[in-house]
Amino acid sequence: MTRHISEEGPISATRRDFFKTGGALVVTYSLGACTSGPRVAADQVAPPKTVALDQVDGFLAIDAKGRVTVYSGKVDLGTGIQTAMAQIAAEELSVPLDRVTVIQGDTLLTPDQGVTFGSQSIQNGGMQIRQAAATARQALLAEGAAKLGVERGTVGVRDGVVAPKAGGKGIDYGTLIGGGNFRLTVDPKATLKDPKDYTIVGKPIARIDIPDKVTGRFTYMHDFKRKGMLHARVVRPKAMESTLQSWNDSDCRKLPDYVGVVKKGNFLAVLGRTEWAAIAASRTIETTWSDWAGLPDQSKLWEYVRSTKVSKDEDLQKVGDAAEALKTANAKTVTASYNFAIHTHGSIGPSCAVAEIVNGELTCWSASQQTHLLRKQIAKMLSMRPDDVRCIYVEGAGCYGRNGHEDAAADAALIARETGLPVRVQWMREDEHGWDPKGPPTLFDYQAALDDKGNVLGWQSEVFIPDRPKDLAVALLTAELANLPHEESHPGNIQGSLAIPYTFPNIRVIAHWLAETPFRPSWIRTPGRLQNTFANESFVDEVAAAAGVDPLEFRLKNLNDPRGAELLEALAKLAAWKPRASQVAASGDVARGRGLAYIKYDLVRTYVGAIADVEVNLKTGKVLVTKFYVAHDCGQIINPDGLRNQIEGNVVQTVSRTLIEELTFDRSRVTSVDWASYPILKFPEVPDVAVKLIDRPNEKPWGAGEPTSAVVPAAIANAIYNATGARMRSVPFTPAKVQAAIKLM
Amino acid sequence: MKISLNVNGKSVTITAADPQMPLLYALRDDLGLHGPRFGCGLGQCGACTVLVDGSAVRSCVTPVVSVDSKKIVTLEGLGAAGKPHPLQQAFIDEQAVQCGYCINGMIMQAAALLQTNKKPTDQEIKAGLAENLCRCGTHLRIVRAIKRASEVTA
């Protein structure tokens, strides 16, 4: 094997030697067949197409056969929105659903509809597509009437054919537009179809993707290949901020199909012609790293959070004068502190991406929830023009937020840039658990004062959460390791839903934005709202108990929101709730109880109420959630079965997070790097879930990917209180913590 | 080293530079199959499950040399979209998928379970799949799908 050490030089797609580019060392050995044969250009090249958000052509195309293509910037992360988007477009255009194809998250083809997060896909992204389709429909009706020589008002459309309502010859969409452009600005006032005429929206349509997924015919990101593609694995630092001091791959060179390394700063990757060669090399290469032990002591995490420098305080809600109200003489006061552990996303498929550069243009295939943002981030990292970077979404394993997909994409982009060759990067399990960004630790303090009739005089909550830089992006790990340009990491809008829906006369809700947090923060399903609702709705339960009032009655009494009240009443009926003032008496070793929680998401959208039934083993402290009842109102429902699937998933995933999950770490790095050290809920512990959907076809559709999760932890905490009298104020509710809380009583 | 595999009823020979390479990589990279999935490489999650001589096996920790000449069935071998296996049809009927990354393991594990217990109770299904992880929380639908399949095939 010949060893080539690179020299400064431009990247060339045709050269078979290797370069030292931009300070990166690239060493490879005997590349052999992987550059033979013609290089494959990005084969999704399409004619120039607008991606403008205000253009119908940004979102829709209709070909000569009347087939509709929807271009969606929001992507299906396993939540079923591909099908939902198809339903929305098919309905508004009045075409059969099977005539619609959805292209997702391709920066060259799809409008930038923002990151697929925050339960916004349907309510924002879907509504943009609906409005574009409505604009198209109106134009097609007018054009059809003109071609048929009849009055506009006399025609209608059915199955993509514009025809006189009275009957007679029609003209189909394919003939009317036939692959041409609409050249229309989306009309925000275009008349929408009356929901009473819906035949596709609101129906439990089977998901488009499932047959291929259950028969092994689906191409996930992890299955995606390019010709001549190398396989890479990233060699991780010994500690989070270690410096790479030396490396030696002489033993790797004895491995068949080993290619070489790419090193830049503290970024080190090994390359193989086969996947197994890359894995074997990553386990064989010798490295020395500097010591680093800058993480806080996990056993004192909450002291660390409480003592972290506050960069600013912010009032998130202010009604009356809470400070004065809390000082009311003879008032009954309630205080509590809560905390919520650091969580990892825990995708079942570790992150994976493929990148290649052809003629100076980088194409990156990724399961990213944010291809448009990823494009900007990769361009910044590599000092490229964003126009020279294209990111294409390929569905991966569910990510539940900003996990490692974007980092794997950046790994692939950097290696492709340094080698000039197509590269696939697959993270290993320890990469995903150890190095994806984390949901930050969250700490709360609460105070309330009550009068002798159980009325709340004042409510104050404080949350300690990492500060938000200007740009909503999580830094690319690759760029951090390689000392390349990158953003400061943003934790997401984690202040959401800390403000409360209740009509107390004096309320103050304060965010203490912290200057530091131990791990690269990011959004994980229901970011902030999960933690905030755990604390809010647990404390509501504590205050209701102090007032001696049934938790349901207490909420209804303090809500001035008929839609919320209707939801709570539907929930009570679903679960056959029996009023009670405080906990029930336990008997034997197992105590049973039920708890309730409620949210109006961000105070402006989806309503969810939940009741949990639990069994607590008083000896072991083990909690089993046996049943969840959920009432859900997200306005107009696009696909009720898809919605139920999301609600069930929210419950199960969040029961796992509430009872079991907690990142562990030593002073140097994450130590919970597999499913043994970071376990999640298994089948035998999964609760039954009963769902009551409240459909409001004439209302705006709101999101459902997150809101149900928000109510799960407090419902469980309140159920444990009901069963045992113990308050669980620290997630996860491990048996040890439950035992300790019971002993405290 | 040349290794003979019998995959989904067909005999194939692969050249494995390292006979200890896990079966998963032979199936995915050498044979181009999409059913078995890489999830952990540790035998902890079940996403890579295949049937070897009828038993559910974690292909990510099974050296390819150890299955030389054995009968391997992957998700593709159970059935196809036009002619799905009763389990696959039941997963479609129950819409028992979210991201679907774990579903290969769920179906293959269930296929093995139904060979030994044709009419499992919900509790037996849950116990049988206890070491298959799902992160989306599709568990309840998966149990219903397996129950439905057992009613069709029993």
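What does the C-alpha gyration tensor say about the overall shape of the stretch A:266-360? Classify as rounded when a/c is under 1.5, otherwise prolate if a/b is larger than b/c, or oblate. Here the stretch A:266-360 falls in the prolate category.
Taking a ≥ b ≥ c as the square roots of the Cα gyration tensor eigenvalues, the stretch A:135-254 comes out prolate, since a/c reaches at least 1.5 and a/b is larger than b/c.
The distance linking the stretch A:287-347 with the stretch A:423-483 is 10 Å (Cα centroid to Cα centroid, whole angstrom). Counting only other residues whose beta carbon sits under 10 Å from that of A:THR274, what net charge do I get with K and R as +1, D and E as -1? Around A:THR274, the charge tally is -4.
Take the Cα coordinates of the stretch A:626-745, assign each an equal point scatterer, and use the Debye formula without solvent to give log10 I(q)/I(0) at q = 0.18, 0.20, 0.23 Å⁻¹. Log-scaled intensity ratios, in q order: -0.98, -1.10, -1.26.
Would you please classify the overall shape of chain B from the alpha carbon gyration tensor, given that a ≥ b ≥ c denote the square roots of the eigenvalues, rounded means a/c under 1.5, and beyond that prolate means a/b larger than b/c while oblate covers the rest? Taking the square roots of the gyration eigenvalues as a ≥ b ≥ c, chain B is prolate. For the stretch B:78-153, the equivalent ellipsoid derived from the alpha-carbon gyration tensor has semi-axes of 16, 16, 11 Å in decreasing order. Of the residues B:LEU75, B:LEU133, B:LEU31, which exhibits the maximal mean-square fluctuation in a Gaussian network model of chain B defined by a 10 Å Cα contact cut-off? Ranking B:LEU75, B:LEU133, B:LEU31 by mean-square fluctuation puts B:LEU31 first.
Distance between the 7 Å Cα→Cβ label points at A:GLN138 and A:GLU361: 3.5 nm. For the stretch A:56-210, a Kirkwood hydrodynamic radius built from all Cα pairs, placed in the Stokes-Einstein relation at 25 °C and 0.890 mPa s, yields a translational diffusion coefficient of 157 µm²/s.
Spacing of the modelled spin labels on B:GLU151 and A:LEU693, each 7 Å from Cα toward Cβ, amounts to 2.1 nm.
Cβ crowding within 10 Å ranks A:MET728, B:MET106, B:MET21 as B:MET21, A:MET728, B:MET106, fewest other Cβ atoms first. Each of the GluC sites (Glu not before Pro) that DSSP puts in a loop and that has at most 11 other Cβ atoms within 10 Å breaks chain A; the longest unbroken stretch is A:152-745. Mean residue ellipticity at 222 nm, helices only, chain A: -8000 deg cm²/dmol; runs of at least 4 DSSP H residues each add -39,500 (n - 2.57), and the sum is divided by the number of residues. Take each residue in B:100-112, count the other chain C-beta atoms within 10 Å of its C-beta, and the mean is 4.
For the pair A:THR333 and B:SER4, what calculated FRET efficiency results from E = 1/(1 + (r/R0)^6), where r is the Cβ-Cβ distance and R0 = 51 Å, to the nearest 0.05? Could you put the intermediate results ahead of the total?
Numbers: r = 76 Å, r/R0 = 1.50.
Working from the Cβ atoms, E equals 0.10.
Across the options B:CYS136, B:LEU114, B:VAL65, the greatest Cα extent toward the positive end of the charge dipole of chain B (unit charges at beta carbon of Lys, Arg, Asp, Glu) belongs to B:LEU114. Other protein chain C-beta atoms within 10 Å of residue C-beta, averaged over A:389-402: 2. What the Cβ-Cβ distance of B:ASP53 and B:SER11 gives, at R0 = 25 Å and to the nearest 0.05, is a FRET efficiency of 0.95. Of the beta bridges in the protein assembly as shown, as assigned by DSSP with both residues counted there, near 75 percent are antiparallel.
Charges were assigned to the Cβ only: +1 to each Lys and Arg, -1 to each Asp and Glu. The resulting dipole of chain B about its Cα centre is roughly 240 debye. Label 7 Å along Cα→Cβ of B:GLN115; the stretch B:34-62 residues with amide nitrogen under 19 Å? Hits in the stretch B:34-62 for B:GLN115 at 19 Å: B:35-37, B:46-62. Between A:SER290 and A:ASP54, the modelled label-to-label distance comes to 5.1 nm, taking each label 7 Å out from Cα in the direction of the beta carbon. Once the C-beta distance of A:GLU569 and A:LYS65 is scaled by a Förster radius of 56 Å, the resulting FRET efficiency is 0.65 to the nearest 0.05.
Counting Lys and Arg as +1 and Asp and Glu as -1, what is the net charge of the other residues whose Cβ lies under 11 Å from the Cβ of A:GLY434?
Local net charge: -1.
Its Cα centre serving as origin, chain A has a Cβ charge dipole (Lys and Arg +1, Asp and Glu -1) of approximately 740 debye. Farthest towards the positive end of the charge dipole of the stretch A:56-210, among the residues A:PHE59, A:ALA142, A:GLN104, is the Cα of A:ALA142, using unit charges on the Cβ of Lys, Arg, Asp and Glu. Length available on full extension from A:ALA206 to A:THR671: 0.36 nm per residue minus the Cα-Cα distance, which gives 163.3 nm. Think of it as helices only: each DSSP H run of n ≥ 4 in chain B is worth -39500 (n - 2.57), and spread over all residues that comes to -9000 deg cm²/dmol at 222 nm.
When chain B is treated as a Gaussian network with alpha carbon springs shorter than 10 Å, the biggest mean-square fluctuation among B:GLY137, B:GLY39, B:GLY79 belongs to B:GLY137. Projecting the Cα positions of A:PRO684, A:LEU744, A:TYR721 onto the charge dipole of the stretch A:590-745 (unit charges on Cβ atoms of Lys, Arg, Asp and Glu, taken about the Cα centre) puts A:LEU744 furthest along the positive direction. Residues of the stretch A:66-110 falling in the label zone of A:ASP159, defined by backbone nitrogen less than 18 Å from a point 7 Å along Cα to beta-carbon, are A:66-68, A:90-100.
Here A:LYS196, A:LYS380 are placed in order of increasing Cβ neighbour count within 10 Å, fewest first, which gives A:LYS196, A:LYS380. Placing unit charges on the Cβ atoms only, positive for Lys and Arg and negative for Asp and Glu, gives the stretch B:78-153 a dipole magnitude near 60 debye about its Cα centre.
Any read-out appearing in this document is the output of simple, stated calculations on the displayed coordinates, not a laboratory observation. As the structure is a prediction and not an experimental result, all values here were calculated from the model. Don't worry about glycine lacking a Cβ; one is built from the backbone with ideal geometry, like all the others, and counts go over all protein chains shown.
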